[in-house]
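Novice: Starting off with a structure, shown below.
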Amino acid sequence: MGIALTPEEQLEVFGSGYNPQWADEAEQRWGDTPAYQESQRRVATYTKQDWLAISAEAKAITEEFAEAMNAGVPAGDPRAMELAERHRLHISQWFYECGHEMHQGLAEMYVSDPRFTKNYDDVAPGLARYVRDAVLANAARAAG
């Protein structure tokens, strides 16, 4: 995905579960979209320190989602929706403008693609569905 890191740095930043072939898949699926092109433009400038910060921020949001879910906070609760909004803004800040409609599409992928589901459910069983539901609730709230 235009990531200017060595394979060793990619392992350090993204962990052992990272598969560089996912970049090829992303380009094949979305390479002609403005969002993909914007993401490529942005990530090409990121340093290892930027990637560490991005990863830490994403991990913190995911962990807060898990804490909310495990505490019994409904996905439609304002606390969960605020986490969904932080997630959306994180994507917008670092990769591409992620409106609510696009965010909903990503959230649906979290439950329809087993790789995404595993990523979340490895943190806490059922987390992918919880994140998806919070994103959908947040989008509905934004739509009024």
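The values are calculated or read from the model by the stated rules, or taken from the named source; none is laboratory data. Computed from a predicted model, the values in this text were never measured in an experiment. With ideal geometry, Cβ positions are generated from the backbone for all residues, glycine too; neighbour counts draw on all protein chains shown. Accessible surface is based on the protein model in full, side chains and every heavy atom, while ligands, DNA and RNA are left aside. Shrake-Rupley method; radii C 1.70, N 1.55, O 1.52, S 1.80 Å.
Novice: Out of all the residues in segment 118-144, which are closer than 14 Å to residue 69 by Cα and either among the small types (Gly, Ala, Ser) or touching a residue at least 24 places away in the same chain (Cβ under 8 Å) (or both)?
Specialist: 120, 123, 124, 126, 127, 128, 130, 131, 132, 133, 134, 135
Novice: Which of the following residues is closer than 25 Å to residue 25 by Cβ, in a loop (DSSP other than H, G, I, E, B) and open to solvent by 30 Å² or more (accessible area, probe 1.4 Å): 123, 111?
Specialist: Details: 111 fails: in a loop (DSSP other than H, G, I, E, B).
Checking each option against the conditions leaves just 123.
Novice: Residue 118 is checked against (1) surrounded by 13 or more Cβ atoms within 10 Å (Cβ to Cβ); (2) outside any loop (DSSP other than H, G, I, E, B); (3) within 14 Å of the chain's Cα centre (by Cα) and fails just one. What number does that condition carry?
Specialist: Evaluating residue 118 over (1) surrounded by 13 or more Cβ atoms within 10 Å (Cβ to Cβ); (2) outside any loop (DSSP other than H, G, I, E, B); (3) within 14 Å of the chain's Cα centre (by Cα) leaves (1) as the failure.
Novice: Follow-up question, since we're still on this one. Is there any pair with a first residue in segment 88-117 that is in contact (Cβ under 8 Å) with a residue 40 or more places away in the chain and hydroxyl-bearing (Ser, Thr, Tyr) and a second that is assigned to a helix (DSSP H, G or I) and open to solvent by 40 Å² or more (accessible area, probe 1.4 Å) whose Cβ atoms are under 7 Å apart and which are 6 or more apart or on different chains, and what are they?
Specialist: Cβ pairs passing all conditions: 96/38.
Novice: Kindly provide the set of residues from segment 88-108 that are within 18 Å of residue 140 (Cα to Cα), open to solvent by less than 20 Å² (accessible area, probe 1.4 Å) and either part of a helix (DSSP H, G or I) or not hydrophobic (A, V, I, L, M, F, W, C) (or both), ordered by number. Break it down stepwise before answering.
Specialist: Pass one, segment 88-108, residues within 18 Å of residue 140 (Cα to Cα): 88-89, 98-108.
Subsequent filtering for residues that are open to solvent by less than 20 Å² (accessible area, probe 1.4 Å) retains 98, 103, 107.
Within segment 88-108, 103, 107 meet the criteria.
Novice: Continuing with the same structure: Could you tell me whether any residue of segment 67-84 is outside any loop (DSSP other than H, G, I, E, B), within 13 Å of the chain's Cα centre (by Cα), at pLDDT 95 or above and loosely packed, with under 14 Cβ neighbours inside 10 Å? Let's see the steps before the verdict.
Specialist: Of segment 67-84, the ones outside any loop (DSSP other than H, G, I, E, B) are 67-70, 78-84.
In the following step, the residues that additionally are within 13 Å of the chain's Cα centre (by Cα) were identified as 83-84.
Pick out the ones that are also at pLDDT 95 or above and you get 83-84.
Filter once more, keeping what is loosely packed, with under 14 Cβ neighbours inside 10 Å: none.
Scanning segment 67-84, I find no residue that is outside any loop (DSSP other than H, G, I, E, B), within 13 Å of the chain's Cα centre (by Cα), at pLDDT 95 or above and loosely packed, with under 14 Cβ neighbours inside 10 Å, so the answer is no.
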